[in-house]
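Below is one structure, written out as structure tokens; the observations come after it.
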Amino acid sequence: MYQGVLELHSYWAFAVLGLLFIAVLNAFMGLASKRAFLPKDRQISMIALIFTHVQFVLGLVLIFVSPAMEAAKAAGMGAVMKDSHLRLLLVEHPLVNLIAITLITIGWSKHKRTGDAGKKFKNIGYLYAIGLILLLSRIPYDQWLG
């Protein structure tokens, strides 16, 4: 089960990063051109949000079936914090990704509460961009691409 969830989580990440990039680019292009916020803009942002949330759920499942979690239980939290690889997988990656997904969700929620197209694009653009940067900062690239 672990290997299957890990592969799905890894492949789904490409879609998440791509969709977030498209949503950020779309928001900044809409903001720069001062155009109306169209249904397609909402759909792009919503699809990126949904894919991000699915990725987070896959990550939660992965943590609980991971051999790294078993090693952490056996070694204790002090040993996890001293081991940079375990710390990345079990502490930094989940925590920073939770913060990123929270910011993305806030961007989505804030855009719904305003009628001004510029503010909609700004809320989505900036908060999704910060979320994307945070996600990129804590990817375990050695495990993901290796």
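No value in this document is a laboratory result; all are computed from the given coordinates. Quick caveat, the model's predicted, so the values are computed rather than measured. Because the Cβ atoms are built from the backbone with ideal geometry, glycine has one as well, and the counts that use them run over all protein chains shown.
The Rg/Rh ratio for the stretch 2-144 is 1.07, where Rg is the radius of gyration of the alpha carbons and Rh is the Kirkwood radius. Grouping the Cα pair distances of the stretch 22-64 into 10 Å bins from zero gives a pair-distance distribution of 27, 38, 21, 12, 2 percent in increasing distance order.
Is there a quick way to get the dipole size of the stretch 2-144? I mean about its Cα centre, with the Cβ of Lys and Arg at +1 and of Asp and Glu at -1; what is the value in debye to the nearest 20? Could you put the intermediate results ahead of the total?
Numbers: 14 positive and 7 negative charges, 176 e Å.
The dipole of the stretch 2-144 has a size of about 840 debye.
Using only DSSP helix segments of four residues or longer, with each worth -39500 (n - 2.57), what per-residue ellipticity at 222 nm results for the chain after dividing by its residue count and rounding to 500? Write out the running numbers ahead of the final one.
Details: 8 runs with 123 residues, N = 146.
Value at 222 nm, helices only: -27500 deg cm²/dmol.
Step by step: find N for the stretch 49-109, compute 2.2 N^0.38 Å, then divide the Cα radius of gyration by it. What's the final number? Numbers along the way, then the final one.
Details: Rg = 13.3 Å, N = 61, 2.2 N^0.38 = 10.5 Å.
Scaled against compact globular proteins, the figure is 1.26.
For a straight C-alpha distance cut-off of 22 angstrom, the lysines reachable from LYS110 (same-chain residues fewer than eight places away being disregarded) are LYS34, LYS40, LYS119, LYS120, LYS122.
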